Amino acid sequence: MTVNLPSLDQILTEAAERLEDLTPDLTPAEVDEVVQDALASTMVTATLPTVAVSATMSLALQLDSIHLPADTARDWSYCEQIGQAASALLTGLRAACAEARTQVLAAIGQFRGEASA
């Protein structure tokens with residue numbers, strides 16, 4: 001099963017747009033607030049079109065939504081197939097969000113280092 005996800009570059013570009021309010025004159029608390037807001041508002045959507053499953057998660061690693069086929073309960077084997085697909089999708093989505101989050105937080109660490117220098 002191949003999970004369709006935006007590229008890491010696409011995710012980081014979206015996160016960077018939300019971090020445009022960061023300036024060297026912000027207090028550490030204000031930087032924290034901007035970063036938390038950016039992580040919470042940067043959404044990543046993964047899909048498995050072969051089974052019509054999709055999910056959206058923020059870089060704050062909070063699941064925003066998951067969409068399953070309406071007929072998931074039609075029989076046991078189909079329900080099991082959808083469950084396995086959803087598990088693969090959520091695993092891939094969380095891994096992508098965690099990787100992007102790590103890179104965003106590393107960049108913020110550099111920003112803080114430069115701002116205090």
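The values are calculated or read from the model by the stated rules, or taken from the named source; none is laboratory data. Just so it is clear, the model here is predicted, and its values are computed rather than measured. Cβ: placed from backbone, ideal geometry, glycine included. Neighbour counts: every protein chain shown. Only protein heavy atoms, including side chains, enter the accessible area calculation; ligands, DNA and RNA are left aside. Shrake-Rupley method; radii C 1.70, N 1.55, O 1.52, S 1.80 Å.
General remarks:
- Subset of region 24-37 that is β-branched (V, I, T) and open to solvent by less than 50 Å² (accessible area, probe 1.4 Å) - its residue that is modelled with the lowest pLDDT: V31
- Residues of region 24-42 classified as in a helix (DSSP H, G or I) and without any contact (Cβ under 8 Å) to a residue 12 or more places away in the chain, total: 4
- Against the test of being over 14 Å from R101 (Cα atoms) and touching a strand residue (DSSP E or B) at 6+ places or on another chain (Cβ under 6 Å), the options T56, T27, T23 yield a single qualifying residue, T56.
- Residue check for E14: free of Cβ contacts under 8 Å to residues at least 24 places away in the same chain and either at positive phi or of a type in the set (D, E) (or both): no
- In region 64-99, residue farthest from the chain's Cα centre (by Cα) [restricted to those that are surrounded by 12 or more Cβ atoms within 10 Å (Cβ to Cβ) and in a loop (DSSP other than H, G, I, E, B)]: P69
- Applying the condition of being over 13 Å from the mean Cα position of the chain (by Cα) and farther than 19 Å from G113 by Cβ to region 5-20 and asking which residue is least open to solvent (accessible area, probe 1.4 Å) yields R18.
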